[in-house]
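> The structure follows.
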Amino acid sequence: MNQPILLIMAAGMGSRYGGMKQVDPVGPGGEAILDYSLFDAHRAGFRRVIFLIRPEMAEDFKAHMEPRLRGKMEAIYAFQDISMLPEGFTVPEGRKKPWGTGHAVLCCKDHIDAPFCAINADDYYGVKAFQLAYDFLSSNRAQDLYMMVTYELKNTVTQTGYVSRGVCSADENSHLKTIVETTHIISTVDGPLYTEDGETYRKLAPETPVSMNFWGFMPSLLPALERDFRAFLTANGQSLKAEFYLPFAVNDMIGRGEAAVQMLTTPDSWHGVTYREDKPEVQRAIRELIDAGVYPEKLYED
C-alpha cells in the first residue's frame, strides 16, 4: 500500500482573525502553526503532503513552504475554487463563499492514491495526534474503516470569544456514533458552556470528546463523498451560503452503515488562532513546549 498522505486544508479566509493566518508566525524562528504540524507529521513518518489553498494565495504560500520542505517532504499544491463542480452544476449568481470542507477534499481527489489524513492548517494538534494517525493509516486494511483523532473539550477551548466543536459520541468499539456540531462554546470558571439560542447556556463535561477536524481516510471515501456532494448540490446548489461539511458527510455515511470511524484520543492540548487575540496564548504554549524539549528552539536553520 502506498505511503500515507497528509492533506492540509489551508484555503480558509480567516475572516474572524483578519489576514492570512496560515503562515502567521508564532514560534521564535518565525514558525507558523502549520510548520509545527509539518514537523510533527514528518517525525511520525509522513513524506507526502497536499496543500489545499486558494489560487490567489499560491505565490506567498509557496514562498513560505518550499524552503522548509526541501529534502523532507514531497509537496503538491491543489486549489479550491467555487467553480469546481460536478458536471451539470453551476455556481449561482452572487455566490462568493466556498462550498465547505467536503468540497475541499474533493478538490484534491486527483492527487490522492493512498490512505490520507486531512487536517486544518491553522490548528496546533500536538505530537501524539500525528503518530496515532500515521500508525493507523499504515496498518489499516479495511476500506470502510476510517479514523478521527479526538480531544477532551477542556483542552480545546479558547479564552477569547467562542468556538465551534464537533461533540462526539462513541459505541462499545470506540467507533464514532454521532458528531454534533456545537457552534457556540465558551470557557468559564465553571467549565465549558454552550448555547443554541445565544441566551440560555448549558454545561458540557470537560472530558467530552470533540473533533478538531483531524481525520484519516481510505481512498474509498472519495467516490462516496462525490456522490453525496451531488446530492447536496441538488438540494442546495442555488444557495449563496450553504456548505458541504466533511463531518456532516461522514456522519451520514455512518448512519447509512457505509463506514465506521475509529476514535483515537490524544491527551495533548489543541491551540489555534480563531481570533487575533489568541496569538499571544499560542506563542506562550509553543514557548513552553520548546522549554520542555518537545521542539528545538528553531525548526529550521537560517
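The values are calculated or read from the model by the stated rules, or taken from the named source; none is laboratory data. Remember, it's a predicted structure, so these values are computed and weren't measured experimentally. Using ideal geometry, Cβ is built from the backbone for each residue, glycine included, and neighbour counts are taken over all protein chains shown.
> Out of the residues in segment 237-253 meeting the condition of being in contact with a Phe, Trp or Tyr (Cβ under 8 Å, 6 or more places away or on another chain) and not hydrophobic (A, V, I, L, M, F, W, C), tell me which one is farthest from residue 122 (Cα to Cα).
Filtering segment 237-253 for residues that are in contact with a Phe, Trp or Tyr (Cβ under 8 Å, 6 or more places away or on another chain) and not hydrophobic (A, V, I, L, M, F, W, C), the one farthest from residue 122 (Cα to Cα) comes out as 237.
> Another question, then. Return yes when residue 110 is acidic (Asp, Glu), part of a loop (DSSP other than H, G, I, E, B) and surrounded by fewer than 23 Cβ atoms within 10 Å (Cβ to Cβ) and no when it is not.
So residue 110 does not fit the description; no.
> Here is a follow-up. Could you figure out which of (1) modelled with pLDDT under 95; (2) in contact with a Gly (Cβ under 7 Å, 6 or more places away or on another chain) isn't true of residue 161?
Just one mismatch for residue 161, condition (2).
> Next question, about the same structure. List the strands (runs of 3 or more DSSP E) inside segment 138-196, counting only whole elements, that have at least 1 residues being of a type in the set (Phe, Trp, Tyr) and touching a residue at least 24 places away in the same chain (Cβ under 8 Å).
Here the list reads 145-152.
> Hey, among 190, 123, which residue is of a type in the set (Asp, Glu), within 27 Å of residue 61 (Cα to Cα) and at pLDDT below 95?
Working: 190 fails: within 27 Å of residue 61 (Cα to Cα).
Going through 190, 123 in turn, the sole match is 123.
> Counting residues that are at pLDDT 95 or above, which helices (runs of 4 or more DSSP H) fully inside segment 203-302 reach at least 3?
Output list reads 221-236, 279-291.
> Looking only at residues that are buried (at least 18 other Cβ atoms within 10 Å of the Cβ) and among the aliphatic types (A, V, I, L, M) in segment 168-203, which one is farthest from residue 148 (Cα to Cα)?
The first filter runs over segment 168-203 and keeps only residues buried (at least 18 other Cβ atoms within 10 Å of the Cβ), leaving 168, 176, 179, 182, 185, 187, 192, 194.
Now narrow it down to the ones that are among the aliphatic types (A, V, I, L, M): 176, 179, 185.
Numbers: 176: 8, 179: 11, 185: 21 Å.
Restricting to residues being buried (at least 18 other Cβ atoms within 10 Å of the Cβ) and among the aliphatic types (A, V, I, L, M), the top hit is 185.
> Take the conditions in a loop (DSSP other than H, G, I, E, B), among the acidic types (Asp, Glu) and surrounded by fewer than 16 Cβ atoms within 10 Å (Cβ to Cβ) and apply them to residue 60. Does it pass?
When the stated conditions are applied, residue 60 does not pass them.
> Give me the pairs, please: first residue somewhere in segment 231-246 and over 15 Å from residue 106 (Cβ atoms), second residue anywhere and among the polar types (S, T, N, Q) and assigned to a helix (DSSP H, G or I), beta-carbon distance under 9 Å, and either six or more positions apart or on two chains.
Pairs that qualify, where the first residue is over 15 Å from residue 106 (Cβ atoms) and the partner is among the polar types (S, T, N, Q) and assigned to a helix (DSSP H, G or I), are 242/236.
> Looking at residue 275, is it within 19 Å of the chain's Cα centre (by Cα), among the aromatic types (Phe, Trp, Tyr) and over 27 Å from residue 136 (Cβ atoms)?
yes
> Which residue, of 183, 150, 156, is of a type in the set (S, T, N, Q) and more than 15 Å from the chain's Cα centre (by Cα)?
The conditions single out 183.
> Now, a different point. Could you look through segment 79-106, keep only residues that are buried (at least 21 other Cβ atoms within 10 Å of the Cβ) and assigned to a loop (DSSP other than H, G, I, E, B), and pick out the one that is modelled with the highest pLDDT?
Residue satisfying both the conditions and the ranking: 99.
> What are the residue pairs meeting all of these: first residue in segment 1-28, first residue modelled with pLDDT under 60, second residue surrounded by fewer than 16 Cβ atoms within 10 Å (Cβ to Cβ) and not β-branched (Val, Ile, Thr), Cβ atoms under 6 Å, and 6 or more apart or on different chains?
Pairs that qualify, where the first residue is modelled with pLDDT under 60 and the partner is surrounded by fewer than 16 Cβ atoms within 10 Å (Cβ to Cβ) and not β-branched (Val, Ile, Thr), are 17/276; 18/276.
> Considering segment 113-128 alone, what residues qualify as being in a loop (DSSP other than H, G, I, E, B) and not small (Gly, Ala, Ser)?
Those that are in a loop (DSSP other than H, G, I, E, B) and not small (Gly, Ala, Ser): 113, 115, 122, 125.
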